[in-house]
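No lab work stands behind these numbers, since they all come straight from the coordinates. Quick caveat: nothing in here was measured; it's all calculated off a predicted structure. Cβ sites come from the backbone with ideal geometry, for glycine too, and all protein chains shown count toward neighbours.
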Amino acid sequence: MKISEFLCNKAVTTDLKGTTKEEIIEELVKLLTTAGVLEKKHKSKVVEILMAREALGSTAIGQGIAIPHGKCEYVNKLVAGLGVSRKGIDFDSLDGEPAYIFFLLIAPIDSAGPHLKALARISRLLKDKYFRDHLKNIKDEKTILDMIAQEDGRIT
């Protein structure tokens, strides 16, 4: 599974403005609604589902990365958005460090396999420190998408 199979190109930003976990999640969900992969009327319910998942344990995995994710009936296939925060956000990370890179995943309720494969793929992509550092400093969305596509083609 490649990231390009589920990342919505129109739901990518290099300038997240939120300063809290909930604001970041709301911003990423809004990107998906603006891109048309999630209906606007479901936005608050999806944020609620994602925040409920965060209450079980933070999705910030350390090294400046958070992968908020959840399942809901409002999508019929796995979708993702990506955002970068310049300031870094306290996301209750395992290493206590702020998160800068946010991949938001939303999957249909019955899609455990693709959901887990996507989480694993994102984790593999972001384990390279050089890649993470470069991603954090990119100023435009097209360059992020190009870089992810290139890296996605390289990793197995």
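Brief remarks follow.
- (i) 0.94; (ii) 0.98; (iii) 1.27, with the label sought being that of the calculated Cα Rg over 2.2 N^0.38 Å: (i)
- Straight-line cross-link reach from Lys77 at under 24 Å between alpha-carbon atoms covers these lysines, not counting any fewer than eight positions away in the same chain: Lys2, Lys10, Lys30, Lys40, Lys41, Lys43, Lys45, Lys117, Lys142.
- Contour minus Cα-Cα distance for Leu116 and Asp140 (0.36 nm per residue): 5.8 nm
- GluC sites (Glu not before Pro) restricted to DSSP loop in region 67-156 with at most 12 other C-beta within 10 Å: Glu73
- Candidates Ile65, Ile106, Ile138, ranked by Gaussian network fluctuation over the chain, Cα under 10 Å, top entry: Ile138
- Between Glu23 and Leu56, residue separation times 0.36 nm minus the direct Cα-Cα distance comes to 10.1 nm.
- For Gly62, the residues whose amide H sits under 5 Å from its own are Leu94, Asp95, ignoring neighbours fewer than 5 places away on the same chain, with H placed 1.01 Å from N.
- Inter-label distance, Arg124 to Ile109: 3.1 nm, where each label sits 7 Å from its Cα along the C-beta direction.
- Reach of Lys17 by Cα under 12 Å, taken over aspartates and glutamates that are not fewer than 8 positions away in the same chain: Glu26, Glu27
- Extension reserve of the Asp133-Lys10 stretch, reckoned as 0.36 nm per residue once the Cα distance is removed: 42.0 nm
- Separation of the Ile155 and Lys2 label points, Cα + 7 Å toward Cβ, nm: 1.5 nm
- Between the amide H of Leu16 and those of Val84, Ser85, Arg86, distances stay under 5 Å, these residues lying 5 or more places away or on another chain, with hydrogens modeled in the peptide plane.
- Each label was represented as a point 7 Å from its Cα along the Cα-to-Cβ direction; for Lys43 and Asp92 these points are 2.5 nm apart.
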